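See structure below.
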Amino acid sequence: MKITNVKVLVTCPGRNYVLVKIETDEGLYGWGDATLNGRELSVASALENHIAPLLIGRDPDRIEDTWQMLFRGTYWRGGPVLMTALAGVDLALWDIKGKRAGLPVYSLLGGKTREGALAYSHCSGESFEEVEDCIRERMEQGFKVLRAQVAVPGTHGTYGTAVKRGEAVGSVREAAPFVEQWEPSLYLKVVPPLFEHLRSTLGDEIALLHDIHERLNPVQASQLARALEPYNLFFLEDPLRPEHKESFRLIRQHTTIPIAMGELFHTRWDALPLITEQLIDFIRCDIGHIGGLTEARKIAAIAETYNVQTAWHGPGDIAPMTHAANVHLDMAIPNFGVQEMTFFPEATQEVITGGPYFEDGYMKVTDAPGLGTDVNEALAAKYEYKSAYLPMVRRFDGSVHDW
Ligand code: CS2
Ligand code: MG
């Protein structure tokens, strides 16, 4: 079997997605996702101009060799653009391999270790009561784990709450970045009382987590982690910037709260020190930004050795193919922890069909061969790319802060 064509499709059924179709001389094809929020066209260009020509004529069965060729063989490696492009190719090749074997990808990865992947969704609000209401609604839907974010009084926009609950964070907005105004001191004041409120009204049964989104410095993150200890968090996510690996030691010295990190990592080497030093409890890389399943299963295996569980990134700004890859891997590894999930809007589901589904608190995949997703190309073509940016953050003095 030989690769005959690589098609890159940029479509916007609600938000922008970059989809990769790899076609073969035997009629089999695979779909991958190469979406990088706000930088979609850079990835599409890397694929079309630099990567696709290298794939024509190759045997699609040789996933590891193709991965090594694109990562090491082309000299320039790493970074969000190239690792997202590589993930798009990698997922499409796993999809082809599964279809060729007549097996779902989880089966190729070793077979089921569980019946479903424990899933979490997001809740946010302008007030504690709004967050609480959202959590109650989600619990009715069957969720056993939920993320809670609340607006910070006195600021203009807060991560995870800038859009009304139920909508994807960072979806298509105006063509210039929305600028949030935010202060760590105000944020630090509001988060512990939020969890105090949630525990006193909802009790202990529901597992809760919180995403700092890399906005604190090491000592602030340690203070927040300590203040949150009484509320039994499932994990505290992304406390520090991804550059600050050694600073995780400070947090560890001050608290036993479980720590999760990883959506801004791009290779296993980014994640390595946090895993081998056991500075985190959950590794939550984005399979779509680390070169796909080929890299993710290696990270999972390293993590297993150090008793670290997985919590792969699962926001709305990656396409259902990456969500499918998440769940196929979750189903096959022994050290799965939790899976972030997204309810995609109808338009997205009409363009990208199949993919994982939610059932009573768990994400599941069908036994369809490959990743189990397909694309309605004619419909995709009707949704043209729309320029969109992630929001930005500035402190009250006007200086740039991490979003
Ligand atoms: C987030 C994401 O899902 C998460 O945990 O941190 O919403 C993240 O902000 C976006 O994926 C950025 O594109
Ligand atoms: Mg996050």
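The values are calculated or read from the model by the stated rules, or taken from the named source; none is laboratory data. Every value quoted in this text rests on a predicted model; they were computed, and no experiment measured them. We place every Cβ from the backbone using ideal geometry, glycine too, and count neighbours over all the protein chains shown. Calculation scope for accessible area: heavy atoms of the full protein, side chains included, ligands and nucleic acids excluded. Shrake-Rupley method; radii C 1.70, N 1.55, O 1.52, S 1.80 Å.
Details
- Nearest-ten-degree value, helix 293-305 long axis tilted from longest Cα axis of the chain: 50 degrees
- Each Lys and Arg adds +1 at its Cβ and each Asp and Glu adds -1 at its Cβ; summed about the Cα centre, the stretch 14-79 shows a dipole of about 400 debye.
- For q = 0.23 Å⁻¹, Debye-computed log10 I/I(0) when each Cα of the stretch 69-132 counts as one equal scatterer: -0.97
- Between MET69 and PHE396, the simple spin-label model (points 7 angstrom out along Cα→Cβ) gives 5.7 nm.
- Relative to the longest principal axis of the Cα atoms of the chain, the long axis of helix 218-228 lies at roughly 70 degrees.
- Cβ-Cβ FRET estimate between ARG297 and MET1, R0 fixed at 22 Å, reported to 0.05: 0.45
- The share of alpha-carbon pairs in the stretch 347-403 lying farther apart than 12 Å comes to 77%.
- Dividing the convex hull volume of the alpha-carbon atoms in the chain by its residue count gives 129 Å³ per residue.
- MRE, 222 nm, helices only [DSSP H, n ≥ 4, -39500 (n - 2.57), over the chain, to nearest 500]: -10500 deg cm²/dmol
- Take every DSSP beta bridge whose two residues both sit in the chain; close to 50 percent of them are antiparallel.
- For the stretch 3-103, the square roots of the Cα gyration tensor eigenvalues, ordered a ≥ b ≥ c, give a/c of at least 1.5 with a/b no greater than b/c, which places it in the oblate category.
- Here the accessible area of the chain is 50 percent carbon and sulfur, with a 1.4 angstrom probe and all protein chains present.
- Surface accessible to a 1.4 Å probe, per residue, for the residues of the stretch 23-102, Å²: 42 Å²
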